[in-house]
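The values are calculated or read from the model by the stated rules, or taken from the named source; none is laboratory data. Predicted model only: the values in this text are computed from it and were never measured. The area values use the complete protein model at the heavy-atom level, side chains included, leaving out ligands, DNA and RNA. Shrake-Rupley method; radii C 1.70, N 1.55, O 1.52, S 1.80 Å.
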Amino acid sequence: MTQGERGFVGWTWFVLWRVVLGMVLLLLILLLTLRFVAPPTSSFMLQSPYPVRQQWVSIDTLPAHVALAMVASEDQRFPEHYGVDFTAISDALEQSEQRGGLRGASTISQQTAKNLLLWPGRSLVRKGLEAGLALSLEVIWGKKRILEVYLNIAEFGKGIYGVEAASLHYFNKPASKLTRNEAARLAVLLPGPRNRDARQLTPYLRERVAWVERQMQQLGPGYLQRILN
């Protein structure tokens, strides 16, 4: 390698590292801001092929069973892990060996990071970014804020984002008035929201709602108390 080539490579690395450092700093500033300010939109909303309906609602105005239903359905170890649930990943890998196919093991923290900042689809790059962002959210935001943002940006139907818009759409009332059963009905929409309707559940989804309600009962009304208080 000539002296000129070494100089070019050194200059390239000099610029690259500063670009990366600048992006990291901008991301930290963004996350710190969103710790206190409601996100005006999300990556998934911007990529939605449908007109977006979303209305922010404070988690403090919601019945505790709304958050509990989502946790019972999506991530029962949410109060215990630090953004990535290695126990769930291990269980998922074990089941994939027994049954074939790998079920999802994303935590609510990972789903929040993905919905807010990333893109749909599956790839190792996205999963790596998702895990790193989830750990960052745990440190910068904490559990309550992660859960609050999740409840407000998760997709519950074609262009329907957040529990407030979902409650108004499916039940014609604000999320603060949701019953336990209605909260469970919304929770079962999350894996495939564009193909499901909380008012017209298939037999499978009715069974799933009953399962979520049993899990809510077993976890108990105070399960998320230390997070929400």
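The slack between Ser58 and Arg206, meaning 0.36 nm per residue of separation minus the straight C-alpha distance, is 50.4 nm. Mean projected area of the Cα convex hull of the chain, taken over all directions, amounts to 15.8 nm². Here segment 165-228 has 47 percent of its accessible surface on carbon and sulfur atoms, given a 1.4 Å probe and all protein chains in place. For the chain, the solvent-accessible area works out to 55 Å² per residue, with a probe of 1.4 Å and every protein chain left in place.
To the nearest ten degrees, helix 108-117 and the longest principal axis of the Cα atoms of the chain are 60 degrees apart.
For the pair Leu168 and Asn229, the difference between a 0.36 nm per residue extended length and the Cα-Cα distance amounts to 19.3 nm. For segment 27-32, backbone phi angles converted through the Karplus equation (6.51, -1.76, 1.60; θ = phi - 60°) give residue-by-residue couplings of 5, 4, 4, 4, 5, 5 Hz, Gly and Pro being listed as x.
How tilted is helix 124-140 with respect to the longest principal axis of the chain? Cα atoms for both, answer in degrees (0 to 90, nearest 10). Roughly 80 degrees, rounded to the nearest 10. Between Tyr82 and Thr41, the contour length at 0.36 nm per residue exceeds the Cα-Cα span by 12.3 nm. Computed from Cα positions, the angle between helix 203-219 and the longest principal axis of the chain comes to roughly 80 degrees.
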